[in-house]
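One structure, as structure tokens, below. Some questions next.
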């Protein structure tokens, strides 16, 4: 017994969370999504990781294009 009151409370909390829309700080979001200031430093320190990232992307695209042409 007592489940009804507990369920009603959970429903109330869920409804508040569903319809709650806090003010969005767009400047903070922009700074979080912005360019990494250390990116150039990191790429200079570990260039092999930058090369593999660009190589794997071009390999994937190139492989799909070759298969599509041969088919």
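The values are calculated or read from the model by the stated rules, or taken from the named source; none is laboratory data. The model shown is predicted, which means the values in this text are computed figures rather than measured ones.
When the range 18-42 is examined, which residues are found to be at pLDDT below 90 and not in a loop (DSSP other than H, G, I, E, B)? Walk me through it before giving the result.
Here is the first cut: in the range 18-42, the ones at pLDDT below 90 are 20-42.
Matches in the range 18-42: 26, 27, 28, 29, 30, 31, 32, 33, 39, 40, 41, 42.
Can I ask one more? Determine if the range 48-60 includes at least one residue that is in a helix (DSSP H, G or I) and modelled with pLDDT of 80 or more. Quick ask: steps written out before the conclusion?
Filtering the range 48-60 down to residues in a helix (DSSP H, G or I) leaves 48-60.
Still in the list and also modelled with pLDDT of 80 or more: 48.
Yes: the range 48-60 contains one or more residues that are in a helix (DSSP H, G or I) and modelled with pLDDT of 80 or more.
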